[in-house]
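Everything below concerns the one structure shown next.
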Amino acid sequence: AVWDDKEHTSLPPVNYDVAAKQYRTAPFPVGFEEDIKPILARRCISCHSGTQARAGLDLAADNAFTQLRRQVDYRQALAIRSTLFETLLGRELQAPESLAGNASHLHKNLLPPEELQQVIRWVDLGAPETGAILK
């Protein structure tokens, strides 16, 4: 979200107007508890909860933050290198492992674009547990 791999340069934040040299919106926080957990509750918990959770990913558990963070490249803060986004988009990106699983079980188009963008922002900010500021 903030790196142009082809040009090898940083991109401006999504809320920055380059021509006007100003932010279009005030910086806003993105965190697991306040932003990502509600998305999981609406879109993911029905299949990813309890002892029969798909892919062994129980997002209703107390350790949902830790479980989801294992699916993303939060150390380098790169959504494109995260298996979670390969699964959500149903295609190979740049995750170290190949996309696994039956294509019929992939989650393509599960999240509306604005919710997917919010999860991408969260990962690209290092997948914090509580709100980090996107400037």
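Below is a table of values for the structure above.
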quantity: Hits in the stretch 103-120 - residues which are at pLDDT 85 or above and either within 14 Å of Ile80 (Cβ to Cβ) or surrounded by 14 or more Cβ atoms within 10 Å (Cβ to Cβ) (or both); calculated: Glu115, Leu116, Gln117, Gln118, Val119, Ile120
quantity: Any hit, the stretch 8-25, residues being open to solvent by 50 Å² or more (accessible area, probe 1.4 Å), part of a helix (DSSP H, G or I) and either modelled with pLDDT of 75 or more or farther than 19 Å from Ala127 by Cα (or both); calculated: no
quantity: Extreme residue, surrounded by the most Cβ atoms within 10 Å (Cβ to Cβ), among residues of the stretch 36-71 that are in contact with a Lys or Arg (Cβ under 8 Å, 6 or more places away or on another chain) and either modelled with pLDDT under 90 or within 15 Å of Leu110 (Cβ to Cβ) (or both); calculated: His48
quantity: Unmet criterion (only one of (1) surrounded by fewer than 15 Cβ atoms within 10 Å (Cβ to Cβ); (2) at pLDDT 80 or above) for Asp4; calculated: (2)
quantity: Test result for Leu78, at pLDDT below 85 and crowded, with 18+ Cβ neighbours inside 10 Å; calculated: yes
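The rows are residues; the columns are (1) within 15 Å of the chain's Cα centre (by Cα); (2) under 20 Å from Gly126 (Cβ atoms).
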position	(1), (2)
Glu34	yes, yes
Cys44	yes, no
His48	no, no
Gln52	no, no
Ala60	no, no
Ala64	yes, yes
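The values are calculated or read from the model by the stated rules, or taken from the named source; none is laboratory data. A quick note: this is a predicted structure, and the numbers were derived from the prediction, not measured. Note: ideal-geometry Cβ built from the backbone for every residue, glycine included; neighbour counts use all protein chains shown. Note: areas computed on protein heavy atoms with side chains; ligands, DNA, RNA excluded. Shrake-Rupley method; radii C 1.70, N 1.55, O 1.52, S 1.80 Å.
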